[in-house]
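The values are calculated or read from the model by the stated rules, or taken from the named source; none is laboratory data. Remember, predicted model here, so these are calculated numbers, not experimental data. All Cβ positions, glycine included, derive from the backbone under ideal geometry; neighbour counts span all protein chains shown.
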Amino acid sequence: MLRTDVDPVGQTVTVYPNFKIWDDNDDTPGTGEFDAEWNPYWFSSAGVPDKKVELNSFVEKNKTDNPEYFSQDITFFGNINSFGLTEPGYVVKVFVKVFVGDFSSNRTYEQVITGAGDFTLTAPGSEFTASDQVLQWGFQVYGLIADDALEPLRAPQAFGGIEFQDPALSVSEIQQIDYNVYPNPSNDTWNVKTNNVVISTVQVFNILGKQVMSLTPETTEVKIDASGLQAGMYIAKISTPNGVSNLRLVRK
């Protein structure tokens, strides 16, 4: 599987490939033996790992509960703080997948990650159809399964990990709205002002996608109290009669 460690304080997500995939039933991990407890599917006759696996960690939204995601461009963006996957032969990707209701088919938008730096991946809203019902975005690692000798005591750091920061999904505006956000970064309060468009609701989410605040201002300007939030990046989902926009907010 793809081990996924989330640090809500540091606002990071770190993924490690092939954690505990090769030997689910072995009582003595890290000893390097090949015995009947191992699943022979993953190994050659000599007991050498010879299968490649696709490992995914993702967030999922469905059309019934989140229809706004299926009518406009969506962009998965973030930053790779560190790329420590040292074992050769692995391919790391970020992806956005759109499925029909029964998961029998999908469209995949993906970007290969080869090192530290920013990434941006967009799924065009013009390509969404009435059959699209499920949306996923996340991280993927593809490569050989782990060998007991290479992964002593099943330590997830044996192959190295990839640390992401500020991952988020941005929903573009249905109609362009000019926003003025100040100060940003902020210690205590963000002010959000539009060009005379009424803000119906404001939902603030942390890096994990958890809603931490909800407001219903019904005005063209709103103050968002950040004093009770931890330092880090947040996404403010702004709903107006013209559509939905996501704004990136930073709490110092």
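Is it the case, given these coordinates, that Gln211 is touching a strand residue (DSSP E or B) at 6+ places or on another chain (Cβ under 9 Å) and modelled with pLDDT under 85? Walk me through how you get there before you give the answer.
Details: touching a strand residue (DSSP E or B) at 6+ places or on another chain (Cβ under 9 Å): yes; modelled with pLDDT under 85: yes.
Against the criterion (touching a strand residue (DSSP E or B) at 6+ places or on another chain (Cβ under 9 Å) and modelled with pLDDT under 85), Gln211 qualifies.
Anything in region 224-238 that is part of a strand (DSSP E or B) and surrounded by 14 or more Cβ atoms within 10 Å (Cβ to Cβ)? List them, or say none. Correct list: Ile224, Gly232, Met233, Tyr234, Ile235, Ala236, Lys237, Ile238.
Look at region 59-70: where a residue is assigned by TED's automatic domain parsing to the domain that holds Val15 and under 22 Å from Ile207 (Cβ atoms) and a partner is part of a strand (DSSP E or B) and charged (D, E, K, R), sitting 6+ places away or on another chain with Cβ atoms under 7 Å, you get Tyr69/Lys61.
Please go through region 67-80 and give me each residue that is farther than 18 Å from Asn106 by Cα and not in a strand (DSSP E or B), ordered by number.
Filtering region 67-80 for residues farther than 18 Å from Asn106 by Cα gives 68, 77-80.
The answer is Glu68, and nothing else.
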